[in-house]
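Working notes, beginning with the structure itself.
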Amino acid sequence: MQTSSFARSGSHPRAVAISRTQPRGWTGRVYEPLAPSWRLVQEAKSGAIDEDEYIRRYRAEVLSKLDPVRVYADLGDDAVLLCWENSGAFCHRRLVAEWFEDRLGVSVPEVGEEGGAKQARLGEWTGCPTPDIQK
């Protein structure tokens, strides 16, 4: 399993969108249980919450309600998990990767950054469209 952005890996045959929206014309797989709520996305983008609060809430609102063994099996060990942010930007897909790594002991690198992707701070989180730009 790996993580990436739509821009970098959207045409990958094992791509799975884990974002609230997908690019126009997206015909690939979507795994909505890992998508953050619109409210969480908007609060993060507007600066109403900081990175620590985003992480706390994403874990509480999304990850705590899921079984990592089941989710990993649903996705497949060769899936490429996609959302909007470019590599290195703060993004929930890296939180998902860390969740799998911590809970299952598997490595989930960012495509092209197998040495370990580093996330930017939340203030640099800009790629995810807001609700008025949905599909």
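For the condition touching a helix residue (DSSP H, G or I) at 6+ places or on another chain (Cβ under 9 Å) and under 15 Å from residue 111 (Cβ atoms), residue 5 qualifies. Counting only residues that are in contact with a Gly (Cβ under 8 Å, 6 or more places away or on another chain) and among the aliphatic types (A, V, I, L, M), segment 87-103 holds 1 of them.
The set of residues in segment 8-44 that are assigned to a strand (DSSP E or B) and under 19 Å from residue 106 (Cβ atoms) comprises 15, 16. Go through segment 74-114 residue by residue and tally those that are assigned to a loop (DSSP other than H, G, I, E, B), in contact (Cβ under 8 Å) with a residue 40 or more places away in the chain and among the small types (Gly, Ala, Ser). Total meeting the criteria: 4.
Yes or no: segment 45-61 includes at least one residue that is crowded, with 20+ Cβ neighbours inside 10 Å and free of Cβ contacts under 8 Å to residues at least 60 places away in the same chain. The answer is yes, given that some residue of segment 45-61 is crowded, with 20+ Cβ neighbours inside 10 Å and free of Cβ contacts under 8 Å to residues at least 60 places away in the same chain. Residue 15 falls short on exactly one of the conditions (1) loosely packed, with under 14 Cβ neighbours inside 10 Å; (2) modelled with pLDDT of 95 or more, and that condition is (1).
Residues in segment 17-60 that are of a type outside the set (Ser, Thr, Tyr) and closer than 16 Å to residue 98 by Cα: 18, 34, 35, 36, 51, 52, 55, 56, 57, 59, 60.
The values are calculated or read from the model by the stated rules, or taken from the named source; none is laboratory data. Bear in mind the structure is a predicted one, so any value in this text is a computation, not a measurement. Neighbour counts are summed over all protein chains in view; Cβ atoms, including those assigned to glycine, are modelled from backbone coordinates with ideal geometry.
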